[in-house]
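Coordinate-derived values only; no laboratory data. Everything numeric in this text was worked out from a predicted model, so none of it was measured. Note that we place each Cβ from the backbone using ideal geometry, even for glycine, and neighbour counts take in every protein chain shown.
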Amino acid sequence: MKILFTASECVPFCKTGGLADVVGALAPVLAEKGHDVRVMLPLYSAVPHDYVKEMQHVLDFEVELGWRKQYCGIEALVRDGVTYYFIDNKYYFGRSYIYGMGGDEHERYAFFCRAILNALPLLQYQPEIVHTHDWQTGMISALLKIQYQHLPFYAEMKTVYTIHNLQYQGIFGIPEVQDVLSLDNSVFTDDKLECYGCANYMKAGLVYADEITTVSPSYAEEIQTSYYGERMDGLLRARRQQLSGVLNGIDIKEYDPEHDPLIPARYTVEDMSGKAVCKEELQKELGLNVNPDTPIISIISRLSNQKGLDLIDRVIGEIMEEDLQLVVLGLGDAKYVDLFSWAEQRYPGKVAARFKMDGALAHRIYAGSDLFLMPSQFEPCGLSQMIALRYGTLPVVRETGGLRDTVLSYNEANNAGNGFSFFNYNAHDMLYTLRRALYFYRSQKDTWALLQRRGMTGDYSWMHSAEVYLSLYRDMLGKQEAPAEEEKPAVEEIVAETPAVEKAAPAPVKKPRACKPKAEGEAPAKKPKASKPKAKAKKEE
């Protein structure tokens, strides 16, 4: 199959969150299975120069945005069997930031969506599936159906829209969006692009995409309720037959304690001695009291209320009464920076907070910690809990979204589970669960070792999830089997075969089964009832 991914970020080129990890990991897995997979993303100034030097200029043309005509260059790079196309326009993407500071986000990503559609015939690349991700690419499905699909080149293209976080929707004024995308009033109705008096890029994807996916089975259920639905629950219930939850995976080559070059000592399930070394070195590096018996609880997160940090704020004094150490790594809201800065000063030798994005330090924290705390208010999927499990660091999570799908709370009755969890969004429920985990750490060493083994041997790779996506694509195209694939061209061949461009192209179900990793020794999970969404969690007064 010919599959085009469109996204606003992708590792290793640019990243602000989990979206980049998903696109950067899933595309090569699909390519490895023999499919012609290409990715289109903006050429931000943040893309490392080493990658920019490797790119080859393929073509350039003008993109019409209302009365504007804007330059668009296409730079190409092949990596891990995937061809990456970078949309080059210094005015929109050559800035010192990726998102949200210029006041013209509607125009930047309108340009991005229009440029992708106009570039395809010039590249002589006709994808069967266009897989769009989050609000920044939501308009692709709408433009394709409204303005392009009457043209033979685009007529057979099918679109998939993936929700990575429903909270971020791309909401703008209707006149501004009409101005840049030449859309008339007929599409700004409550059943199309209008949403509470505004234009909504995410709604464009939800309304016009042929299929909708999100990043975990539980989140797919939750967003159909008013509590989690961010005012889109009615639309999502209306399209529930086209909505699937496919659990994200992680890059198991990058996150592998047996071969990780970024940690002080490697270790395996059979020989965990290296984890003790990692813990000691982490305590030294962060200025914590060096004690192998004191458990380290870590948080690696965006510092926002979505991540449940207000629960920690409520009971941090009670948490720190325990014999433990707390490590925090992340950037975000000032009130949480203040909280953990205060805690570091109030509890010297017990708390270490680092307010930055540091991938190498994150690896050392995963490897050197004993527990990983993730009490999210909501969590579409979450990758951190899977990474922690991979390193034998047991997660303490709230049962929501992908956390519920990947962390099964230890049950003493049947000896099932791979971590610890609580359901209600309540600070003392979190505190009780944390204390329960500490009990097993101190008093039930055999059980603790068993849970570590289950975590480290669980399957968190993209292989199964990739098959679920391929099954979805085939159903959309009416294909029963994967056909023999043609050999994918190298970037040099793409450049050579691309014709000179004088003028831009005119602007004009079977559902896959839910996917969940299964850890070694874990009891079979009960099949969820699809007809009943998860009950709303109660908030602490």
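At a glance:
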item	result
Karplus 3J(HN,Hα) series, Hz, for region 304-309 with 6.51 cos²θ - 1.76 cosθ + 1.60 (x for Gly, Pro)	9, 5, 4, 7, x, 6
Peptides 390-403, 102-115, 83-96 ordered by average Cβ neighbours within 10 Å, highest first	390-403, 102-115, 83-96
Cut-off 11 Å between beta-carbons: net charge of the residues surrounding LEU120, Lys and Arg +1, Asp and Glu -1	+2
Dipole-positive endmost among LEU144, LEU438, LEU59 within the chain (Cβ charges, Cα centre)	LEU438
Whole-Hz ³J(HN,Hα) from phi, Karplus 6.51 cos²θ - 1.76 cosθ + 1.60, for region 443-450, glycine and proline x	10, 10, 4, 5, 5, 4, 5, 5
Of (1) 24.8; (2) 42.2; (3) 22.4, the label for mean projected area of the Cα convex hull in nm² derived from the coordinates	(1)
For TYR168, residues with placed amide H under 5 Å, excluding near neighbours	none
Region 273-457 - charge dipole about Cα centre, Lys and Arg +1 at Cβ, Asp and Glu -1, debye rounded to 20	360
Signed unit charges on C-beta, dipole axis of the chain, positive-most listed residue GLY349, TYR85, ASN424	ASN424
Given charges at beta-carbon only (K, R positive; D, E negative), |dipole| of the chain in Debye	1400
Alpha-carbon centroid distance for the pair region 154-221 / region 95-151, whole angstrom	12
Listed residues VAL396, ALA367, PHE378: farthest to the positive end of the dipole of region 354-400 (Cβ charges)	ALA367
³J(HN,Hα), Karplus 6.51/-1.76/1.60, whole Hz, each residue of region 411-420, x for Gly, Pro	10, 5, 5, 10, 6, 9, x, 9, x, 9
TYR425 long-range amide H proximity, modeled H, under 5 Å	LYS538
Cβ-defined net charge surrounding LEU262, 14 Å radius [Lys, Arg +1; Asp, Glu -1]	-4
Whole-angstrom gap from region 12-37 to region 309-374, using each part's C-alpha centre	30
Neighbourhood charge, 13 Å Cβ-Cβ cut-off, centred on TYR109 and excluding it, Lys, Arg +1 and Asp, Glu -1	-4
Amide H partners (placed H, <5 Å) of TYR267, local residues excluded	GLU258
Residues GLU285 and ASP80, FRET efficiency given R0 of 51 Å [Cβ-Cβ distance, rounded to 0.05]	0.95
Highest-first arrangement of 142-152, 353-363, where packing means the average Cβ count within 10 Å	142-152, 353-363
Share antiparallel - DSSP beta bridges, the chain, percent rounded to 5	30
Exceeding the 25 Å Cα-Cα cut-off - candidates LYS53/LYS90; LYS15/LYS284; LYS253/LYS307	LYS15/LYS284; LYS253/LYS307
